[in-house]
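Following: one structure in structure tokens, then a few remarks.
We did not get these values from a lab; they are worked out from the coordinates using the rules stated. Just so it is clear, the structure is predicted and the values come from calculations on it, not from any experiment. Here Cβ is always computed from backbone atoms with ideal geometry, including for glycine, and neighbour counts include all displayed protein chains.
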Amino acid sequence: MDKLLVFLTILSGSAISGALIAICWALDYTSFWAVLASIVAAFAIAWPGAQIAVQGIREAKRIRDDQARSTKTDPTE
């Protein structure tokens with residue numbers, strides 16, 4: 001399991017679930033099942049988003065690593 005994927009999923013899932021729980025409480029849905037459904041929905045939304053973000057980061061890193069490096073050591077050349 002990729003650590004960055006798990007970290008981004010937990011981070012974004014927590015933020016989304018907090019927003020959904022706040023919306024539920026504002027609409028006076030304060031039952032346990034409404035809160036649980038908000039948490040499940042938030043992490044179901046956050047997982048694919050985190051995968052897309054990690055793939056973008058990996059692609060950018062691969063492109064950067066594939067660039068040719070200069071063999072010159074003197075910066076004035």
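Couple of notes before you dig in:
- Backbone N under 17 Å from the Ala53 label point (7 Å along Cα→Cβ), restricted to region 1-31: 2-20
- The Lys3 and Ser31 beta-carbon pair, evaluated with R₀ = 35 Å, returns a calculated FRET efficiency of approximately 0.50.
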